[in-house]
1. Checking the conditions here, which among Phe54, Phe27 is within 12 Å of the chain's Cα centre (by Cα) and of a type in the set (A, V, I, L, M, F, W, C)?
2. Filter segment 69-106 down to the residues that are in contact (Cβ under 8 Å) with a residue 24 or more places away in the chain and farther than 22 Å from Arg30 by Cβ and list them by number.
3. Can you pull out every residue in segment 77-87 that is touching a helix residue (DSSP H, G or I) at 6+ places or on another chain (Cβ under 7 Å) and surrounded by 14 or more Cβ atoms within 10 Å (Cβ to Cβ)?
4. Quick check on this structure: which one of Leu66, Leu137 is surrounded by 14 or more Cβ atoms within 10 Å (Cβ to Cβ), at pLDDT 90 or above and assigned by TED's automatic domain parsing to the domain that holds Val41?
5. Does Ile127 meet the test of being touching a residue at least 60 places away in the same chain (Cβ under 8 Å) and either part of a helix (DSSP H, G or I) or within 20 Å of the chain's Cα centre (by Cα) (or both)?
Amino acid sequence: MFKLFVKLGTAILELIAPEDKPRADMFLPRKLQVFSVVLMVIGIILGVYAILNFTLWAVIISPLCLILGIAAFLCWRNQKITVLSEETFEYSTFLGKKTVYRFDEIKMIRKNSDSMTMFVGDGKVHIESAAVMTKALTERINKQLAAMYGQSEE
């Protein structure tokens with residue numbers, strides 16, 4: 001039922017305001033935005049229900065849904081990578097902290113069960129598995145990794 005609401009919301013939002021161009025070179029898809037709104041609405045509805053009926057499960061689940069919904073919305077809104085030049089890119093965390101890195105600082109990429117972690121200089125760049133990446137960013141990362149490991153580009 002929950003997935004149905006997310007798919008329906010995504011379809012409606014796409015009809016109302018289609019995404020014509022990418023928001024950044026790496027960004028999280030619109031379905032995460034809809035997921036966050038659905039969670040927040042459920043949290044509000046359960047909050048009202050908890051106030052009216054003082055049901056313990058609603059008192060516990062309502063703030064959890066609200067917190068998860070807000071966190072998901074912040075991830076959708078803020079977590080992104082923007083290529084600034086052929087040499088540099090800007091990474092923004094889910095809380096909006098921005099850091100500029102150089103592509104030649106990429107040391108390694110580790111695949112996790114639900115994401116990837118790119119080790120860059122002294123920092124880490126987190127890329128969710130659901131993230132949308134532009135061809136320009138993918139090619140630039142692959143070029144750096146190929147240069148790092150002494151492979152020719154094909």
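The values are calculated or read from the model by the stated rules, or taken from the named source; none is laboratory data. Keep in mind that this is a model prediction, so the values were computed, not measured. Ideal geometry is used to build each Cβ from the backbone, glycine not excepted, and the neighbour counts take in all protein chains shown.
1. Phe27
2. Glu86, Phe89, Thr99, Tyr101, Phe103, Asp104, Ile106, listed by residue number.
3. Ile81, Val83
4. Just a single option satisfies the conditions, and that option is Leu66.
5. yes
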